[in-house]
Ligand code: THG
């Protein structure tokens, strides 16, 4: 077992405008994503947080969902170069889930793209350094763009009561935001972008909080935003939270660097619908992707439901075997689902083994082997 050793804090592991609040709320641990703190738990167990999230509302500091802002005459050109998904019909005010791939069609991120204007985009990234990739592409292709990481810190409000809570703070207009769209709202005289989105299977919103540069000063707009939502949330049984491993696995929401990496192409990650072979625009990795589309893939992301002692996250992968004891995949993060009443996980599974309902064997960390079954994603309701 790994001992409980503390992470040594430094400037490279960035705090957020909400970290003080998260600490006041009794955060139990953090992880680091995009060189920034992400809370991993509070006073309750992951299972208690899972039930609470499915019934009430939570406030999440997801500032680590960093924005890569691309502006300028060639902004659209550059963003389109980065993804197989066509942006032709993308209107201002829309969010698009997009694969970003390299020249071999390897996944380098799976962000949410926001179109703020015809010449202005935010790429809301998973855990890899897209700002450097974008700057490199822009330089190499001689594109007229400006690329920065803006002073923006997403704060998520997730759960079935999020709409009522958000309406009580920002007004009824909030109810008109459709899934994966955003609108602009006033907060104490500042303009804030609020989208209907979030890393959970519940209803929810993400406030792309735009802080002023001096957010560590005494007048802290971020803390005021947190406090305002927190106080309004008292009527809705609000709790501090964070992306919930049980909820996200059941929803089939993948995590870059955990469930898939640069070794995987978007077709293996079930992102086919963003890789239409009929699209004619140019993008990095197009030839490689078209070849894979012709040849077919060798493995695919699936859900696994498996027996054994209730799993908890450890950071160590679980190996998956066929009946003949061939290795056919590995689960990056297995966890006990109190709803399915078995362990669940996400895994790339080799062809010939990926059929729904197929039996597999999952090896627990203590070496014991347990029956598993291949499931759809999301997991069945
Ligand atoms: N919100 C924002 N930024 C993010 C995340 C987020 N950046 C990192 C990470 N999460 C990116 N990954 C995902 C994965 C899935 C979804 C969002 C971000 C998601 N997918 C829906 C689905 O698959 O059903 C909807 C997809 C669609 O309609 O296009 O929500 O959570 N800001």
Inside region 9-106, counting only helices (runs of 4 or more DSSP H) that do not spill past its ends, which hold 3 or more residues that are modelled with pLDDT of 95 or more and closer than 24 Å to residue 162 by Cβ? 19-24, 46-55
Any hit, region 314-332, residues being within 29 Å of residue 103 (Cα to Cα) and within 16 Å of the ligand (Cβ to nearest atom): yes
Name the residues in region 270-299 that are closer than 18 Å to residue 255 by Cα, assigned to a loop (DSSP other than H, G, I, E, B) and in contact with a strand residue (DSSP E or B) (Cβ under 6 Å, 6 or more places away or on another chain), would you? 270
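Does residue 323 qualify as being touching a residue at least 24 places away in the same chain (Cβ under 8 Å) and either surrounded by fewer than 14 Cβ atoms within 10 Å (Cβ to Cβ) or in contact with a helix residue (DSSP H, G or I) (Cβ under 7 Å, 6 or more places away or on another chain) (or both)? Walk me through it before giving the result.
Numbers: touching a residue at least 24 places away in the same chain (Cβ under 8 Å): yes; either surrounded by fewer than 14 Cβ atoms within 10 Å (Cβ to Cβ) or in contact with a helix residue (DSSP H, G or I) (Cβ under 7 Å, 6 or more places away or on another chain) (or both): yes.
Yes, satisfied.
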What number of residues within region 109-122 are part of a strand (DSSP E or B) and either within 9 Å of the ligand (Cβ to nearest atom) or surrounded by fewer than 22 Cβ atoms within 10 Å (Cβ to Cβ) (or both)? 8
Residues that are touching a helix residue (DSSP H, G or I) at 6+ places or on another chain (Cβ under 6 Å) and surrounded by fewer than 24 Cβ atoms within 10 Å (Cβ to Cβ), drawn from region 66-80: 78
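Take residue 171 and tell me if it is touching a strand residue (DSSP E or B) at 6+ places or on another chain (Cβ under 9 Å) and crowded, with 17+ Cβ neighbours inside 10 Å. Reasoning before the result, please.
Working: touching a strand residue (DSSP E or B) at 6+ places or on another chain (Cβ under 9 Å): yes; crowded, with 17+ Cβ neighbours inside 10 Å: no.
When the stated conditions are applied, residue 171 does not pass them.
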Considering (1) within 16 Å of the ligand (Cβ to nearest atom); (2) surrounded by fewer than 17 Cβ atoms within 10 Å (Cβ to Cβ); (3) assigned to a helix (DSSP H, G or I), say which one residue 250 fails and leave the rest. (2)
Kindly provide the set of residues from region 32-58 that are surrounded by fewer than 17 Cβ atoms within 10 Å (Cβ to Cβ) and free of Cβ contacts under 8 Å to residues at least 40 places away in the same chain, ordered by number. 32, 35, 43, 45, 48
Within region 304-314, can you find the residues that are exposed (fewer than 13 other Cβ atoms within 10 Å of the Cβ) and in contact (Cβ under 8 Å) with a residue 60 or more places away in the chain? 314
All but one of (1) within 16 Å of the ligand (Cβ to nearest atom); (2) not in a loop (DSSP other than H, G, I, E, B) hold for residue 243; state the number of the condition that does not hold. (2)
I'd like to verify a number: residues in region 350-381 that are away from the ligand (no atom under 16 Å from the Cβ), outside any strand (DSSP E or B) and touching a residue at least 60 places away in the same chain (Cβ under 8 Å), how many? 1
Could we say that residue 57 is under 26 Å from residue 177 (Cα atoms) and in contact with a helix residue (DSSP H, G or I) (Cβ under 6 Å, 6 or more places away or on another chain) here? yes
Restrict the check to region 124-134 and report whether at least one residue is within 13 Å of the ligand (Cβ to nearest atom) and more than 28 Å from residue 17 (Cα to Cα). no
Region 199-211, subset assigned to a loop (DSSP other than H, G, I, E, B) and over 19 Å from residue 173 (Cα atoms), residue farthest from the ligand (Cβ to nearest atom): 211
So residue 314 clears everything in (1) modelled with pLDDT of 95 or more; (2) out of contact with any strand residue (DSSP E or B) (no Cβ under 8 Å at 6 or more places or on another chain) except one condition, right? Which one? (1)
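Does residue 302 meet the test of being within 16 Å of the ligand (Cβ to nearest atom) and either out of contact with any strand residue (DSSP E or B) (no Cβ under 9 Å at 6 or more places or on another chain) or not in a loop (DSSP other than H, G, I, E, B) (or both)?
Details: within 16 Å of the ligand (Cβ to nearest atom): yes; either out of contact with any strand residue (DSSP E or B) (no Cβ under 9 Å at 6 or more places or on another chain) or not in a loop (DSSP other than H, G, I, E, B) (or both): yes.
It is true that residue 302 is within 16 Å of the ligand (Cβ to nearest atom) and either out of contact with any strand residue (DSSP E or B) (no Cβ under 9 Å at 6 or more places or on another chain) or not in a loop (DSSP other than H, G, I, E, B) (or both).
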Let me spell it out: the conditions are (1) touching a helix residue (DSSP H, G or I) at 6+ places or on another chain (Cβ under 8 Å); (2) within 15 Å of the ligand (Cβ to nearest atom); (3) more than 16 Å from residue 104 (Cβ to Cβ), and residue 266 meets all of them except one. Which number is the exception? (3)
Looking only at region 121-134, decide whether some residue is in contact with a helix residue (DSSP H, G or I) (Cβ under 9 Å, 6 or more places away or on another chain) and either free of Cβ contacts under 8 Å to residues at least 24 places away in the same chain or at positive phi (or both). no
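The values are calculated or read from the model by the stated rules, or taken from the named source; none is laboratory data. Since we're looking at a predicted model, the values are computed, not measured. Positions of Cβ are backbone-derived with ideal geometry, glycine not excepted, and every protein chain shown enters the neighbour counts.
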